[in-house]
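See below for the structure under consideration.
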Amino acid sequence: ILKQYQIYTGYKDFTIMDPDDASEAISYICGQLNVSENKIGFPKKGQIKLMIGKARSRKESIGNLIKNEYVQYELYADALIEIDRRYQAFKQKSNMMDFDDLQINLVRLLKENKSVRNRIHDQYKYIMVDEYQDTDRVQAEIAYLLACDHRNIMVVGDDAQSIYAFRGAYYRNTEDFVRMFPEARSIKLEQNYRSEQRILDVSNTIINSSSETIRKTLYSTIKGNEKPKLVMALDSQDQSMFIIETIQELREKGIKLNEIA
């Protein structure tokens, strides 16, 4: 879409940066500022790119992101803010976009140019988004802008399975969708085909104890007799050892390995 309507974007024949291009650009900027990854506690270029991308997907400044989520880098906040500023300027000057730019510039195009938006709405009359709980704020806005006129949109997702906040996903997008499209019909898929009912009873209690969730009651035709166990692992290694020991115990009881998940 951005290539097709680039006359309205301020870019001409832009190229798309891959992660290696972005890392090289950030390394170059760090060199200009005479800041090094070798400094104790200074983030590596991959981490800097992740932080810049996360701030943009959440529509907040990198300064706020550091203050709220990356306090370990507060000592270098000024340097990181300047790296972000120079990185954005470098891309613009070099006529390049990274993945975040593709999304943000699409939002800008759809918001600011009604004639383009009308043409795109005519071209994409039905919008479907899967794994909606993994979308960030910018992606939710794109979905809204693509469907805000014809209102033909369907999203599939489960707010209780939103686990990618560290990557920028915004768990409230599912709730906000209902507000953006109040006429949308909710279809709850509550039957579970994997778990016994006792496990789902525990899940239902946890899910529905939250005030920030879409209410649901999971059920299964698989009854089962065993009670679920709550295991408090000290860390991921302790958790792994518990799983290994449990598999060994089950194997000693005569249960085949290919029957253990």
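The values are calculated or read from the model by the stated rules, or taken from the named source; none is laboratory data. Worth saying up front: this structure is predicted, and the values here are computed from it rather than measured. Note: ideal-geometry Cβ built from the backbone for every residue, glycine included; neighbour counts use all protein chains shown. Accessible surface areas use protein heavy atoms only, side chains included; no ligands, DNA or RNA. Shrake-Rupley method; radii C 1.70, N 1.55, O 1.52, S 1.80 Å.
Out of everything in the range 252-261 that is open to solvent by 90 Å² or more (accessible area, probe 1.4 Å) and of a type in the set (A, V, I, L, M, F, W, C), what residue ends up being nearest to ILE206 (Cα to Cα)? The selected residue is ALA261.
Taken together, the residues in the range 24-44 that are open to solvent by 30 Å² or more (accessible area, probe 1.4 Å) and either under 21 Å from VAL71 (Cα atoms) or touching a helix residue (DSSP H, G or I) at 6+ places or on another chain (Cβ under 9 Å) (or both) amount to 12. Looking at the range 232-251, which of its residues are open to solvent by 70 Å² or more (accessible area, probe 1.4 Å) and either within 29 Å of GLN191 (Cβ to Cβ) or within 29 Å of the chain's Cα centre (by Cα) (or both)? Selection gives MET232, LEU234, ASP235, SER236, GLN237, GLN239, ILE243. Among (1) within 31 Å of the chain's Cα centre (by Cα); (2) of a type in the set (Val, Ile, Thr); (3) farther than 27 Å from TYR132 by Cα, where does ILE187 come up short? Condition (3) is where ILE187 drops out. Which residues, counting only those in the range 186-215, are open to solvent by less than 80 Å² (accessible area, probe 1.4 Å), more than 21 Å from GLU175 (Cα to Cα) and either in contact with a Gly (Cβ under 8 Å, 6 or more places away or on another chain) or of a type in the set (A, V, I, L, M) (or both)? Correct list: GLU196, GLN197, ILE199, LEU200, VAL202.
Output the number of residues of the range 147-176 satisfying the condition of being outside any loop (DSSP other than H, G, I, E, B) and either open to solvent by less than 20 Å² (accessible area, probe 1.4 Å) or at pLDDT below 95 (or both). Looking only at that region, the number is 11.
The C-beta contact set for the range 222-238 (first residue at positive phi, second residue open to solvent by less than 100 Å² (accessible area, probe 1.4 Å), distance under 7 angstrom, 6+ apart or interchain) comprises GLY224/GLU196; GLY224/GLN197; GLY224/ARG198. Would you mind stating whether GLN139 is closer than 22 Å to ASP18 by Cβ and surrounded by fewer than 17 Cβ atoms within 10 Å (Cβ to Cβ)? In short, no. Within the range 7-23, the only residue that satisfies the criterion of being buried (at least 18 other Cβ atoms within 10 Å of the Cβ) and under 23 Å from ALA77 (Cα atoms) is ALA22. Only residues that are in contact (Cβ under 8 Å) with a residue 24 or more places away in the chain and either open to solvent by less than 40 Å² (accessible area, probe 1.4 Å) or hydroxyl-bearing (Ser, Thr, Tyr) (or both): list them for the range 47-69, please. Passing the criteria: ILE48, MET51, ILE52, GLY53, LYS54, ALA55, SER57. Could you please let me know if ASP100 is closer than 30 Å to LEU189 by Cα, open to solvent by less than 30 Å² (accessible area, probe 1.4 Å) and not β-branched (Val, Ile, Thr)? In short, no. Would you check if there is a residue in the range 91-110 being over 29 Å from TYR144 (Cα atoms) and over 22 Å from the mean Cα position of the chain (by Cα)? Yes, the range 91-110 contains at least one residue that is over 29 Å from TYR144 (Cα atoms) and over 22 Å from the mean Cα position of the chain (by Cα).
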